[in-house]
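J.: Have a look at the structure that comes next, please.
The values are calculated or read from the model by the stated rules, or taken from the named source; none is laboratory data. Owing to the predicted nature of the structure, the values given are computational and were not obtained by experimental measurement. With ideal geometry, Cβ positions are generated from the backbone for all residues, glycine too; neighbour counts draw on all protein chains shown. Just so you know, the surface numbers come from the protein's heavy atoms only, side chains and all, with ligands and any DNA or RNA stripped out. Shrake-Rupley method; radii C 1.70, N 1.55, O 1.52, S 1.80 Å.
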Amino acid sequence: MSFEGIANSETYFYVDGLHFKGVSPVEESKRKGEFDNLAWFRKALLLQKDMNWTEPRRYNIGLGSDKAPGMRQIDNYTNASHLYGGKDEWLVNMGYSKEPQTSITLHFDLKGDYRFTNMSVVCQPVKNMSNRIDALKADPVEDLKFGTNEITASIDASKPKALFLSVPYSKGWTATVDGKPAEIKRANTAFMALELEPGHHEIELRYLTPGLREGMILSGIGLAALAGLALVRRILSTRVRRAQTTASASARTDVQASPQRQEEHERNSR
């Protein structure tokens with residue numbers, strides 16, 4: 001990947017919509033145009049190998065720059081893995097260099113289909129970096145507290161600005177500013193930010209595992225349904241036992257009454 005970099009800067013590689021899908025042995029052979037020309041026994045061996053093949057659960061992409069030393073990595077689990085993965089947006093710091101970086105080389109560890117929506121390079125000059133840092137320190141966060149699934153803080157903003165939070169972005173987070181719901185923005189690809197107006201603000205963030213509330217509701221409904229079924233079964237069993245008891249008592253009464261009726265019939269005949 002070639003580009004025109006900027007001298008005396010940090011260079012970042014950005015990719016969005018990254019997806020990987022492995023290629024089975026048979027599919028690979030067909031793509032090379034070899035499968036149809038193979039002898040039957042070689043096809044049989046390849047098909048057997050294909051039956052034992054499984055979709056890769058992890059892949060790695062190495063990134064090297066022409067000016068910055070070292071190799072960076074994108075190491076990710078695929079959707080086929082039982083582990084948390086499937087991340088499709090990456091921002092990789094390729095390092096600082098005095099000379100402009102002009103190319104980034106990608107090294108793929110597995111054969112397969114790699115797809116992406118957007119791929120670009122961002123250069124961040126470090127000139128006047130100290131002035132930028134001092135500007136960021138102008139409105140510091142105060143009373144920062146971390147609780148169980150909760151973060152609170154206060155800040156005095158001198159002008160409209162975005163409050164960056166070095167907390168991984170997740171849909172489970174909700175935020176309020178001065179007691180009012182606030183939209184959480186995604187910042188620097190993987191983190192969170194809140195847009196603030198000038199003035200003093202009280203910040204509060206809470207985290208609830210996505211789907212937890214719905215899961216609890218469904219579990220409650222399931223338990224209630226199970227309890228209802230158990231109650232109905234108990235009522236029906238009680239009614240069946242009562243009916244069987246009544247029928248048994250009636251049968252005993254009929255057996256006892258039969259000899260008496262026979263004697264009365266004989267007396268009437270005389």
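J.: Just to verify a result, which residue in region 2-42, among those that are surrounded by fewer than 13 Cβ atoms within 10 Å (Cβ to Cβ) and under 37 Å from the mean Cα position of the chain (by Cα), is farthest from residue 54 (Cα to Cα)?
T.: 4
J.: Let me spell it out: the conditions are (1) part of a strand (DSSP E or B); (2) open to solvent by 90 Å² or more (accessible area, probe 1.4 Å); (3) farther than 26 Å from residue 15 by Cα, and residue 164 meets all of them except one. Which number is the exception?
T.: (3)
J.: I'd like to check something: does region 72-92 contain any residue that is free of Cβ contacts under 8 Å to residues at least 60 places away in the same chain, surrounded by 15 or more Cβ atoms within 10 Å (Cβ to Cβ) and within 30 Å of residue 129 (Cβ to Cβ)?
T.: Yes, some residue in region 72-92 is free of Cβ contacts under 8 Å to residues at least 60 places away in the same chain, surrounded by 15 or more Cβ atoms within 10 Å (Cβ to Cβ) and within 30 Å of residue 129 (Cβ to Cβ).
J.: Out of the strands (runs of 3 or more DSSP E) lying entirely within region 184-244, which hold 1 or more residues that are on the phi > 0 side of the Ramachandran plot?
T.: Output list reads 199-207.
J.: Please find, among 148, 152, 176, 189, the residue that is in contact (Cβ under 8 Å) with a residue 60 or more places away in the chain and among the hydroxyl-bearing types (Ser, Thr, Tyr).
T.: Just one listed residue meets the conditions, 189.
J.: Kindly state which strands (runs of 3 or more DSSP E) lie completely within region 1-76 and contain at least 1 residues that are within 15 Å of residue 109 (Cα to Cα).
T.: The qualifying strands (runs of 3 or more DSSP E) are 19-22, 58-65.
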